[in-house]
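**Student:** Okay, here's the structure, questions in a sec.
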Amino acid sequence: MQIAEVRGTVVSTQKEPSLTGVKFLIVQLLDQDGNPLPQYEVALDNVGAGVGEWVLVSRGSAARQVPGSDKRPADAAVIAIIDTISAGNRSLYSKRDQY
């Protein structure tokens, strides 16, 4: 899994039938200190994440392990919305502090 921030959405009216009704998000991967990496990725949204939220992204074949996604052509899926991240006695991120 990778920590990422949701940067936007992708709308596609014509797509593979197994992707009908699926929301696509543009996510930017973050490093261990929460700094943005140069990579962006399109990920299926399984949890209803919104722009600006930090999320956990499952990538590769693990992205298809979510029930109902095993037949979808996906390389990345948002599987959780992050509330807090801490390491030791240091808080790296708190969703509450963002809004």
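The values are calculated or read from the model by the stated rules, or taken from the named source; none is laboratory data. Model, not experiment: these values are computed from the prediction. Here the Cβ is made from the backbone with ideal geometry for all residues, glycine too, and neighbour counts use every protein chain on show.
**Student:** Taking the stated definitions as given, is residue 28 in contact (Cβ under 8 Å) with a residue 12 or more places away in the chain and in contact with a Pro (Cβ under 6 Å, 6 or more places away or on another chain)? Don't jump to the end; show me each part of the working.
**Tutor:** Details: in contact (Cβ under 8 Å) with a residue 12 or more places away in the chain: yes; in contact with a Pro (Cβ under 6 Å, 6 or more places away or on another chain): yes.
Against the criterion (in contact (Cβ under 8 Å) with a residue 12 or more places away in the chain and in contact with a Pro (Cβ under 6 Å, 6 or more places away or on another chain)), residue 28 qualifies.
**Student:** Let me ask something additional. Somewhere in segment 53-72, is a residue loosely packed, with under 11 Cβ neighbours inside 10 Å and modelled with pLDDT of 95 or more?
**Tutor:** No: segment 53-72 contains no residue that is loosely packed, with under 11 Cβ neighbours inside 10 Å and modelled with pLDDT of 95 or more.
**Student:** When both residues are 6+ apart or on different chains and their Cβ atoms are under 8 Å apart, which pairs have a first residue that lies in segment 85-99 and is farther than 15 Å from residue 31 by Cβ, and a second that is surrounded by 10 or more Cβ atoms within 10 Å (Cβ to Cβ) and small (Gly, Ala, Ser)?
**Tutor:** Hits for this filter: 98/52.
**Student:** Also, quick follow-up: Restricting attention to segment 73-99, and to residues there that are at pLDDT 90 or above and not in a strand (DSSP E or B), which single residue is surrounded by the fewest Cβ atoms within 10 Å (Cβ to Cβ)?
**Tutor:** Among those that are at pLDDT 90 or above and not in a strand (DSSP E or B), it is 83.
**Student:** Here is a further query. Quick one: would you say residue 8 is part of a loop (DSSP other than H, G, I, E, B) and modelled with pLDDT of 95 or more? If you could, list the steps in order and put the result at the bottom.
**Tutor:** Working: part of a loop (DSSP other than H, G, I, E, B): no; modelled with pLDDT of 95 or more: yes.
Judged against the criteria, residue 8 is not a match.
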